[in-house]
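The values are calculated or read from the model by the stated rules, or taken from the named source; none is laboratory data. The structure displayed is predicted, hence computed values, not measured ones. In this analysis, Cβ positions are derived from the backbone assuming ideal geometry, glycine residues included, and neighbour counts consider all displayed protein chains. SASA here: full protein model, heavy atoms, side chains in, ligands and nucleic acids out. Shrake-Rupley method; radii C 1.70, N 1.55, O 1.52, S 1.80 Å.
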Amino acid sequence: MIRTTLFLIATLSILATAIFSSDIHFTHAQESALIQVAWVTFGVAIACFLLGEITGNNSQVDKLWSILPIAYVWHFAYYSGMEPRLVLMAILATIWGIRLTYNFSRRGGYSLIPWKGEEDYRWEVLRAKPEFQGKWRWRLFNLFFICLYQNALILLFTLPILEAWRGQETPMGLADYLVAALMLGFIAIETIADQQQYLYQTEKYRLKTSGQPLGEFYGKGFTHTGLWKWVRHPNYASEQAIWVTFYLFSVVATGHWINWSVIGCILLLFLFRGSSNFSEEISANKYPAYKDYQKSTSRFIPWL
């Protein structure tokens, strides 16, 4: 996990240096909007670190994952003068964020006291690993990866809206609406996947709590039917696809398939690869049938 973390941070540094040292011209309004939101990102990261250290709950960034992008995209839309393409992108990001926030909330992620709520079970597992023993090792990991890196990533995968702003001379057209429909489709798939997992886990724990037998279906311990029959992480796959699709708006606006704002997509794909590796390591150790599930079912894309 340490190697994965160092790889992600190094990749962020290299890509950011390469891209932002290239010849990118922002207007004064665009540059001001970017600087303002960058400062907010840094401030939020430091606040997440301090709250995590004080409370012992390292899911502070998790609570904001679906909320901050909404604020960022509307920030850019507002400073653009509510340019139509940017407003469309902001509406779509808001739909994504509201749905994901609801899903996180019903799993106990939020509390009336903002810094409380359930911590992601994976942080506890990670803290117990030998390489993270010692207060300063975990503290540095919390600062640089959980807080600074992930907050930077949240900003980066929303920045195609800034590139779309730079391409505002291109009027909205059919391509924009097709991209919007595709993004809504992936949001729908993620919604279905999360609902299937929620129903499965809720019933499994209800049976456990009441002392009833789990049977073969719930005895497996993990969601394996519906969309989960086709891929092991339909929710992760959809989350990545949503933000890759969001990037396509910048392609439509500028006419360039590759532009600097692709950095967010690239880093998000790396993050979910590492995150799914860690989640599957836990599941394989916890559920005997999971290794067979890994052999028979693709990770993100069916039959691949």
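Find how much the distance from Ile54 to Arg107 grows on full extension, using 0.36 nm per residue of separation minus their present alpha carbon separation; answer in nm with one decimal. Before the final figure, lay out each step's value.
Details: separation 53, 0.36 × 53 = 19.08 nm, distance 2.29 nm.
16.8 nm is the gain from fully extending Ile54 to Arg107.
Using a 1.4 Å probe, how large is the accessible area of His75, given in Å² and rounded to the nearest 10?
Accessible area, nearest 10 Å²: 40 Å².
Quick one: if the Förster radius is 41 Å, what FRET efficiency do Tyr205 and Ile46 give, using the C-beta to C-beta distance and rounding to 0.05?
Numbers: r = 36 Å, r/R0 = 0.88.
About 0.70, to the nearest 0.05.
How large is the accessible surface of Thr223 in square angstrom, using a 1.4 angstrom probe and rounding to the nearest 10?
My reading of the accessible area for Thr223 is about 10 Å².
For segment 167-174, what does the Karplus curve 6.51 cos²θ - 1.76 cosθ + 1.60, with θ = phi - 60°, yield as ³J(HN,Hα) per residue in whole Hz, taken in order and with x for Gly and Pro?
Taking θ as phi minus 60°, the curve returns x, 5, 5, 7, x, 5, x, 4 Hz for segment 167-174.
Within the accessible area of the chain, what % is carbon and sulfur when the probe is 1.4 Å and the other protein chains stay in place?
Values: 10170 of 15180 Å².
Its accessible area is 67 percent carbon and sulfur atoms.
Hey, could you grab the Kirkwood Rh for segment 148-257? Inverse mean 1/r over distinct alpha carbon pairs, Å, one decimal. If you can, show how the numbers build up before the last one.
Working: mean 1/r = 0.0606 Å⁻¹.
Result for segment 148-257, one decimal place: 16.5 Å.
Within 15 Å, Cβ to Cβ, of Ala284, how many net charges do the neighbouring residues add up to if Lys/Arg are +1 and Asp/Glu are -1?
Net charge around Ala284: +4.
Note down the nm distance, to one decimal, between modelled labels 7 Å out along Cα→Cβ at Trp115 and at Lys229.
4.7 nm
Where does segment 196-243 land on Rg(C-alpha)/(2.2 N^0.38 Å)? It would help to have the intermediate numbers written out before the result.
On the way: Rg = 12.8 Å, N = 48, 2.2 N^0.38 = 9.6 Å.
Rounded to two decimals, the normalised Rg is 1.34.
Explain nothing, just compute: Karplus ³J(HN,Hα) = 6.51 cos²θ - 1.76 cosθ + 1.60, θ = phi - 60°, for every residue of segment 58-71 in order, whole Hz, x for Gly and Pro.
Couplings: 8, 9, 5, 5, 4, 5, 9, 3, 9, 9, 4, x, 4, 4 Hz.
Rank these residues by their accessible area, most exposed first, probe 1.4 Å: Ile146, Ile46, Ile301, Ile258. Present the calculation step by step, with values, prior to reporting the outcome.
Numbers: Ile146 0, Ile46 55, Ile301 95, Ile258 135 Å².
These residues rank, largest area first, as Ile258, Ile301, Ile46, Ile146.
Cβ under 13 Å from Arg137's Cβ, Arg137 left aside: what net charge do those residues give with Lys, Arg +1 and Asp, Glu -1? Each step should come with its number before you reach the end.
Numbers: positive: Arg127, Lys129, Lys135, Arg139; negative: Glu131.
Taking every Cβ under 13 Å from that of Arg137, the sum is +3.
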